[in-house]
Amino acid sequence: IHQGHHGTMVAGMISAAWNNETGGTGIAPHIKMMVVAGSSQTEAEAVAAYGYVLPQRLRYNETQGEQGAFVVATNTSWGVNGLDPAEAPVWCEFYDLLGEAGILNCAATANANWNIDEVGDMPTACNSPYLITTTASNRMDECTGAYGPVSVDLAAPGQEVLTTQPGSGYGWSSGTSFASPIVAGTVALLYSAACPDLATLSLSDPAAAALEAKTIILNTVDPIPGMVGQTVSEGRLNTHLT
């Protein structure tokens with residue numbers, strides 16, 4: 001959920017085309033994305049953006065896939081640094097509504113060397129089981145974004161990554177904004193894989209399916225000694241194992 005130049009780069013991390021001998025490849029090049037343009041400076045704007053997505057999945061659930069959209073993940077590569085979640089309770093609570101409908105929510109934490117458990121951050125310090133908070137890591141598996149042993153779930157590559165740029169080009173970028181969409185794309189990969197149990201669960205109990213997908217992702221990270229005490233999983237995403 002974002003717009004403009006930054007949104008183009010984020011989208012490329014998720015689903016840039018593959019096998020075209022051009023640029024790089026997104027983590028899930030075959031999925032469909034629902035791009036919601038908006039801002040992130042107020043709670044009302046954030047809830048309005050998510051409020052567009054939620055009815056699409058609810059409609060899908062109600063009609064058993066005949067209508068609506070099978071939204072399995074959102075990505076939030078934006079936020080408000082240092083904001084206490086207590087100051088945006090509706091925003092935080094909305095993740096539970098999305099999760100109950102079967103939607104996991106991935107969010108990029110701050111590009112700063114601080115503990116968000118102590119200083120706050122929105123939305124990545126929200127306390128929702130349906131939120132996956134991501135920090136960035138570099139090629140040496142070192143955290144390059146904010147951390148938090150309670151709030152930050154895992155790290156994903158986000159330092160010096162190749163992604164799409166406006167004008168049909170590619171370029172190198174860095175930041176947690178590019179780590180979080182890799183996790184969101186991995187959620188989509190889980191649902192697109194030949195896994196009949198998860199597919200069936202997504203229809204009979206969408207919330208349970210979302211939590212199962214989160215558990216799989218967090219339980220299959222590569223353990224990184226330097227991330228002990230920095231993230232919940234103490235590791236970096238490993239999409240191959242999921």
Legend entry - Option label - semi-axes √(5λ) of the Cα gyration tensor in Å computed here, alternatives [x] 37, 28, 16; [y] 24, 21, 19; [z] 32, 19, 15: [y]
Legend entry - Neighbour-limited loop hits for GluC sites (Glu not before Pro), the range 55-99 (at most 16 other Cβ within 10 Å; DSSP other than H, G, I, E, B): E66
Inset, instruction - Specify which residue in the list W172, W18, T220 is farthest towards the positive end of the charge dipole of the chain, using unit charges on the beta carbon of Lys, Arg (+1) and Asp, Glu (-1), about the Cα centre. - result: W18
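Looking at the chain, which longest stretch skips every one of the trypsin sites (Lys or Arg not before Pro) that is in a DSSP loop with at most 13 other Cβ atoms within 10 Å, leaving the sites themselves out?
The segment 33-138 is the longest one with no such site.
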Legend entry - Net charge dipole size for the chain [Lys, Arg +1 and Asp, Glu -1 on Cβ; Debye, nearest 20]: 640
Inset, instruction - Would you give the gap between the C-alpha center of the range 120-144 and the C-alpha center of the range 21-76, rounded to a whole Å? - result: 20
Inset, instruction - Compute the relative contact order of the chain as a whole-number percentage, counting only Cα pairs closer than 8 Å that sit 6 or more residues apart in sequence. - result: 20
Inset, instruction - On the protein heavy atoms, probe 1.4 angstrom, tell me the percent of accessible surface of the range 122-208 carried by carbon and sulfur. - result: 54
Inset, instruction - Have a look at the DSSP beta bridges in the chain and tell me what percent are antiparallel, nearest 5. - result: 40
Inset, instruction - Per DSSP H run of n ≥ 4, the term is -39500 (n - 2.57); total these for the chain, divide by its residue number, and report the mean residue ellipticity at 222 nm rounded to 500 deg cm²/dmol. - result: -11000 deg cm²/dmol
Inset, instruction - Any chance you could tell me what percent of the C-alpha pair distances in the range 82-159 go past 16 Å? - result: 47
Legend entry - the range 148-190: radius of gyration and largest Cα-Cα distance (Dmax), Å: 12.3, 40
Legend entry - Hull volume in cubic angstrom per residue (convex hull over the Cα atoms of the range 1-140): 128
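The values are calculated or read from the model by the stated rules, or taken from the named source; none is laboratory data. Everything numeric in this text was worked out from a predicted model, so none of it was measured. Using ideal geometry, Cβ is built from the backbone for each residue, glycine included, and neighbour counts are taken over all protein chains shown. Heads up: the accessible areas ignore ligands, DNA and RNA and are worked out on the full protein's heavy atoms, side chains in. Shrake-Rupley method; radii C 1.70, N 1.55, O 1.52, S 1.80 Å.
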